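Down below is the structure, laid out as structure tokens.
Since every read-out is calculated from the coordinates, none of them should be taken as a lab result. Nothing here was measured: the structure is a model prediction, and the numbers come from that model. Every residue, glycine among them, receives a Cβ derived from its backbone with ideal geometry; neighbour counts consider all protein chains shown.
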Amino acid sequence: MIKKILVVVAFFITVSGMSQETIKTMFYNLLEYPTAAPSGRDQILKSILDVYEPDVFMVCELESPEGADSILNVSLNSDGEEYSAFPFFDNTSSEADLQNLLFYRSNMFTVETSQIISTTVRDINRYQLKLNTEDAGTDPVIIDFFVTHLKSSQGSANENLRLDMVTAFTDVLETIDPNSYVIFTGDLNLYDAEEPAYLELLDPTNAIKMVDPIDTPGDWHNNIDFQNLHTQSTRQSSGGFGAGAGGGMDDRFDFILVSENMLTDPKLQYSPGSYKAYGNNGNCYDNDVNAAECTGEFQQSLRNQLYNMSDHLPVIMQLQTDQNIILANEDVTYFQNTIRLEKTIISTEVRLEFSQQPILPISVEVYNTIGQKLIETTLTTGNKSINVSGLSNGIYYIKTSISNSQTLKFLKAS
């Protein structure tokens with residue numbers, strides 16, 4: 001009896017642990033994409049994205065809808081991944097042909113709204129997504145992403161233009177729910193933490209208080225003390241590319257800022273330690289990002305691709321939620337492609353799929369979120385379905401007798 005109780009408790013702990021879900025974000029200045037050298041950058045970008053696999057991918061310096069299509073169809077979806085993109089719009093703030101865009105996993109998010117914020121230099125784009133969660137109808141998790149590319153170069157005139165652009169963003173904060181989850185990201189072209197634009201972004205009197213999740217103020221420009229944060233330039237010389245900046249890794253231009261509530265709210269929270277300059281091993285000051293001596297977490301092959309792709313590095317950050325994310329209509333493979341669910345949102349019948357013919361019969365058990373076994377059945381030849389029409393709407397878990405198979409999750413929604 002004690003052994004049986006321990007088994008139930010162990011399963012309950014396992015199920016409870018599944019409730020902490022992760023969302024992976026990435027911002028990347030793509031450098032005059034797609035026309036800048038070298039050719040074939042859609043494939044180079046694919047090799048970079050294949051390593052990190054972001055759930056939300058935000059970009060700037062995108063030149064055209066054709067470039068957006070190549071990212072979506074080649075860099076993201078050529079292997080069958082389920083990504084979508086917001087519509088591409090030409091820059092409305094000036095005649096500059098560089099624009100922002102956001103790509104997202106369409107089985108994880110649904111689109112709520114979008115907005116173009118005109119400024120004195122370039123547009124700021126607002127993209128609002130809702131997580132596909134169990135309680136999306138009654139207690140939704142909605143995220144406002146703002147993507148931008150602030151005015152470049154040093155000097156007070158350019159600093160003031162950056163401030164003007166940022167003020168257009170903070171003005172918009174006054175018009176949205178003060179409890180919103182907000183992410184402000186982009187190539188901010190900031191040289192130090194005393195710049196007026198940075199101070200405006202983090203002004204505690206703003207309608208929604210924004211924070212730098214890694215909280216590392218200072219003079220970032222040409223300062224070895226911040227070499228682990230630098231995102232530009234991946235190249236000592238840009239001569240062989242015809243575009244972008246050289247000089248090696250010595251500027252922190254690319255940022256992801258979050259609303260203060262995302263530091264502590266378990267419903268949507270920044271995952272501490274997940275913010276990184278992607279590809280920067282922290283030992284490449286004033287050097288090429290792919291220099292052989294810059295060894296560390298990020299491998300040589302990835303750094304080679306980052307060097308060729310752009311003069312910027314991406315920045316990445318992960319979010320956590322205690323809500324149950326439902327990957328709508330996704331064929332999910334869980335353990336060595338042995339067993340998967342045909343669909344994860346179910347009304348009457350769960351259907352299992354196998355990568356190879358299993359040894360039958362197979363015992364199957366269905367549990368609720370508190371570890372109670374509600375269904376116990378056996379799959380035999382020709383029978384790979386489980387009738388769940390009698391279950392109430394909600395999250396359930398499936399365990400099978402297949403050796404080493406992981407617990408599967410589905411949403412019953414009639």
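Structural remarks
- Extending 7 Å from the Cα toward the beta-carbon at both T380 and D212 defines two label points whose distance is 6.7 nm.
- Only one residue of T120, G247, G186 has its Cα farthest out toward the positive end of the dipole of the stretch 20-321, where Lys and Arg carry +1 and Asp and Glu -1 on Cβ, and that residue is G247.
- Potential lengthening of the chain between Q299 and E349 amounts to 13.5 nm, from the contour at 0.36 nm per residue minus the alpha-carbon distance.
- A Förster distance of 56 Å, applied to the separation of the beta-carbon atoms of L360 and D192, puts the FRET efficiency at 0.25.
- Relative exposure of K409, K209, judged by other C-beta atoms within 10 Å (fewest first): K209, K409
- Of [x] 21.9, 68; [y] 25.1, 78; [z] 23.7, 76, the label for Rg and Dmax of the Cα atoms in Å derived from the coordinates: [z]
- Neighbour counts of other Cβ atoms within 10 Å put M58, M108 in the fewest-to-most order M108, M58.
- Distant-in-sequence amide H partners of I375 (H built 1.01 Å from N, under 5 Å): V366
- Its DSSP H runs of at least 4 residues, each contributing -39,500 (n - 2.57), put the calculated 222 nm mean residue ellipticity of the chain at -5000 deg cm²/dmol, to the nearest 500.
- With a Förster radius of 30 Å applied to the C-beta separation of H221 and S93, the computed FRET efficiency comes to 0.70.
- Full-stretch length increase - T22, Q115 - with 0.36 nm per residue and alpha-carbon distance subtracted: 30.9 nm
- Among L202, L360, L306: highest mean-square fluctuation, GNM of the chain, C-alpha pairs under 10 Å: L360
- Exposure proxy ranking, count of Cβ atoms within 10 Å, fewest first, for I375, I359: I359, I375
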